[in-house]
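> The following block contains the structure, expressed as structure tokens.
The values are calculated or read from the model by the stated rules, or taken from the named source; none is laboratory data. All values derive from a computational prediction rather than experimental measurement. Ideal geometry is used to build each Cβ from the backbone, glycine not excepted, and the neighbour counts take in all protein chains shown. For the accessible areas, the whole protein counts, side chains as well, though only heavy atoms, and no ligand, DNA or RNA atoms are used. Shrake-Rupley method; radii C 1.70, N 1.55, O 1.52, S 1.80 Å.
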Amino acid sequence: MKALVLHGRNSSPKNVEWLASPFREFGEVIVPEFDVEISEGIRISLSYDFDVIAGHSRGGLVALIAGALKGKPVVAVGAPADRRRQFEYVSKFPPGTFQARIYEELKSLPKEEREVSAFNYVDRLTNVLLIHGETDPIVEPRQSLDLCESLKKAGKKCELHVIQNMGHSPSGETVKVVQEIIRAWIVTSVLGS
């Protein structure tokens with residue numbers, strides 16, 4: 001099995017080793033440098049040969065869309081499934097907060113980058129694992145809940161885990177929890193299907 005793993009904005013391949021690690025047990029893993037916007041990220045992702053794609057944060061949104069376009073299984077952790085909703089969410093925070101900085105960054109993007117949504121690809125997604133921190137201060141967990149519900153209504157496979165004591169990224173004990181969830185999903189929903 002070949003996996004493509006994508007990091008989020010201002011991150012690096014090293015910073016998503018927690019996400020790549022479970023896939024390494026089952027085959028080759030590609031973790032490219034990936035600090036690009038959504039449309040460029042999709043283009044780059046589609047140039048890779050992969051059996052499963054995973055991403056964290058912005059990389060998770062890219063993974064959802066690239067996985068849909070290639071008909072491959074997807075793992076998305078803390079993904080802003082709908083950028084418009086993320087833009088609206090972070091717009092509510094006071095100046096000086098990191099959410100307000102994210103709002104300003106999103107505001108500076110071209111409109112088409114701010115309006116990207118995995119919900120537009122529900123009909124093409126086939127097998128999705130969504131993981132979200134219950135206390136994510138950047139992307140509200142409701143995005144993953146709503147996406148999984150939409151996928152299930154469309155007759156698609158979606159497994160959702162909202163992790164207690166986890167923010168936008170896993171740390172400490174939640175790293176092990178997330179990795180176990182991914183391993184189990186690979187065995188049952190990717191290799192077992």
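> Starting with the highest mean, order 74-80, 169-175, 114-120 by the number of other Cβ atoms within 10 Å, averaged over the residues of each peptide.
Peptide ranking by packing, descending: 74-80, 114-120, 169-175.
> For a Förster distance of 45 Å, can you work out the FRET efficiency between the beta-carbons of Lys176 and Ser47, rounded to the nearest 0.05?
0.85
> Give the carbon-plus-sulfur fraction of the accessible surface of segment 66-145 in %, rounded to a whole number; probe 1.4 Å, heavy atoms of protein chains only.
About 52 percent, which is the carbon plus sulfur part of the accessible surface.
> When the dipole is taken about the Cα centre of the chain, and only Lys, Arg (+1) and Asp, Glu (-1) are charged at their Cβ, what size is it in debye, to the nearest 20?
So the dipole magnitude of the chain works out to roughly 320 debye.
> Compare the Cα positions of Ala81, Tyr48, Val139 along the charge dipole of the chain (+1 at Cβ of Lys, Arg; -1 at Cβ of Asp, Glu; about the Cα centre) and return the one farthest towards the positive end.
Ala81
> Related question: Which helices pass in the chain if a helix is a full DSSP H run, must span at least 15 angstrom along its long axis by Cα, and must have mean Kyte-Doolittle hydropathy not below 0.5?
58-70
> Run the numbers on the chain and let me know its relative contact order in percent, using alpha-carbon pairs under 8 Å that are six or more apart.
Relative contact order of the chain: 19 percent.
> Now, a different point. Write down the accessible area per residue of segment 128-190 in Å², having rolled a 1.4 Å probe over the full set of protein chains.
Per residue, segment 128-190 has 45 Å² of solvent-accessible surface.
> Where the Cα atoms of the chain are projected onto their three principal axes, how long is each span, largest first, in whole Å?
Result for the chain: principal-axis Cα extents of 47, 34, 34 Å.
> Explain nothing, just the number: relative contact order of segment 1-113, from Cα pairs under 8 Å at least 6 residues apart, as a whole percent.
After rounding, I find 24 percent.
> Compute the separation of the alpha-carbon centres of segment 74-104 and segment 107-171 and state it in Å as a whole number.
Segment 74-104 and segment 107-171 have Cα centres separated by 12 Å.
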